[in-house]
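Everything on this sheet refers to the single structure shown next.
The values are calculated or read from the model by the stated rules, or taken from the named source; none is laboratory data. Note that the structure is a prediction, hence the values are computed from the model and not measured. Every residue, glycine among them, receives a Cβ derived from its backbone with ideal geometry; neighbour counts consider all protein chains shown.
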Amino acid sequence: MTQLSVTNLLGIKHLNKDDITLIFKTADHFKEVINRPIKKVPSLRDITIANLFFENSTRTKLSFELAEKRLSADIINFSAAQSSVKKGESLIDTVNNILSMKVDIIVIRHPNEGASDFLSRHINAKIINAGDGAHEHPTQALLDSYSIREKLGSVKGKKVVIIGDILHSRVALSNIYTLQLLGAKIKLCGPTTLIPKHITKLGVGYENNLTKALEWCDVANVLRVQHERMDIKYFPSIREYTQLFGINKELLNSINKDIVIMHPGPINRGVEITSDVADSKQSIILNQVENGVAIRMAVIYLLAQQIKR
């Protein structure tokens, strides 16, 4: 397989296993490129990419920008906070104005679920979903599974526990879809109030005891509590959350095996994870950051190959 089966990256649920294999194979090549003294390739010299971020982002936005620059693309950066969106301009009008500048690919993050899917049905440009509400974040899930593959040799058969605020997380759903396609076993762990009611219908397990969850798993992907998405109180206090679901070195040392620790960021140090865990040898958090650039280069490159000139 040399081409993706999709024309946009809207969510992992639209991909198949061959798509992920192709993205990983392409990322392997770009990982080698970005570790060279000269980290740039001329692959997308004639491609213009617009980064549309209607929500605040640091890591994802920087990662996409760096990936685009490494591929030699021309870049337009758009921030809703400094735009006519503040004056009431619609999403379609905003995007059409940007498209009139002859943009080929749009990377969009939006607070509303389905925003990237909506755009894909109304405009003629490649769309990459950089996170839509609490729905999906496909490139994060791809880089997470890619990082597991790099660390453990394979994703198939590995036991992965996703810990924390599953209810408000776009990372969790995309990870579940990706890990299942690659043959991993998945459990969720967190307060019952932060576990979506019907998520176990996706074929994942649930464990409310953190120690048991860690004893079961090979990989722990730790998510932060997303207070900015909460309109009610889901647990009594941060202190209680940390006592029940926070990972510290003492807890990790009590588990009789080495568990791979992951986190999509930003980290609330001392809440869901302590600094001595985040910075330990078991952590691959910085590897995830590096792999994020390679994965995003791969996705952008593969979609750009479908653009007809």
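For the stretch 265-293, a residue qualifies if it is within 21 Å of residue 208 (Cα to Cα), touching a helix residue (DSSP H, G or I) at 6+ places or on another chain (Cβ under 8 Å) and not aliphatic (A, V, I, L, M), and the qualifying residues are 270, 272, 274. Looking across the stretch 9-42, the residues that are within 15 Å of residue 295 (Cα to Cα) and polar (S, T, N, Q) come down to 21, 26, 35.
One line per residue, one yes/no per condition, for (1) assigned to a helix (DSSP H, G or I); (2) in contact with a helix residue (DSSP H, G or I) (Cβ under 9 Å, 6 or more places away or on another chain); (3) of a type in the set (S, T, N, Q); (4) more than 19 Å from residue 145 (Cα to Cα):
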residue: 157; (1), (2), (3), (4): no, no, no, no
residue: 161; (1), (2), (3), (4): no, yes, no, no
residue: 166; (1), (2), (3), (4): no, yes, no, no
residue: 173; (1), (2), (3), (4): yes, yes, no, no
residue: 177; (1), (2), (3), (4): yes, yes, no, no
residue: 180; (1), (2), (3), (4): yes, yes, yes, no
residue: 188; (1), (2), (3), (4): no, yes, no, no
residue: 197; (1), (2), (3), (4): no, no, no, yes
residue: 200; (1), (2), (3), (4): yes, no, yes, yes
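If you go through the stretch 155-169 and keep only what is farther than 15 Å from residue 202 by Cα, within 16 Å of the chain's Cα centre (by Cα) and either charged (D, E, K, R) or surrounded by fewer than 23 Cβ atoms within 10 Å (Cβ to Cβ) (or both), you end up with 165, 168. Of all residues in the stretch 109-124, none that is over 17 Å from residue 168 (Cβ atoms) and modelled with pLDDT of 95 or more has its Cβ atom under 8 Å from the Cβ atom of a residue that is exposed (fewer than 15 other Cβ atoms within 10 Å of the Cβ) and small (Gly, Ala, Ser), 6 or more apart or on another chain. The single residue among 2, 58, 21, 48 that is under 16 Å from residue 131 (Cβ atoms) and surrounded by fewer than 20 Cβ atoms within 10 Å (Cβ to Cβ) turns out to be 58. Restrict the check to the stretch 220-227 and report whether at least one residue is over 21 Å from residue 277 (Cβ atoms), modelled with pLDDT under 95 and not in a helix (DSSP H, G or I). Scanning the stretch 220-227 turns up no residue that is over 21 Å from residue 277 (Cβ atoms), modelled with pLDDT under 95 and not in a helix (DSSP H, G or I).
Out of contact with any helix residue (DSSP H, G or I) (no Cβ under 9 Å at 6 or more places or on another chain) and either aliphatic (A, V, I, L, M) or buried (at least 20 other Cβ atoms within 10 Å of the Cβ) (or both): is that true of residue 38 in this structure? Working first, answer last.
Working: out of contact with any helix residue (DSSP H, G or I) (no Cβ under 9 Å at 6 or more places or on another chain): yes; either aliphatic (A, V, I, L, M) or buried (at least 20 other Cβ atoms within 10 Å of the Cβ) (or both): yes.
So residue 38 fits the description; yes.
Going through (1) over 24 Å from residue 167 (Cα atoms); (2) part of a strand (DSSP E or B) one by one, residue 98 falls short only on (2).
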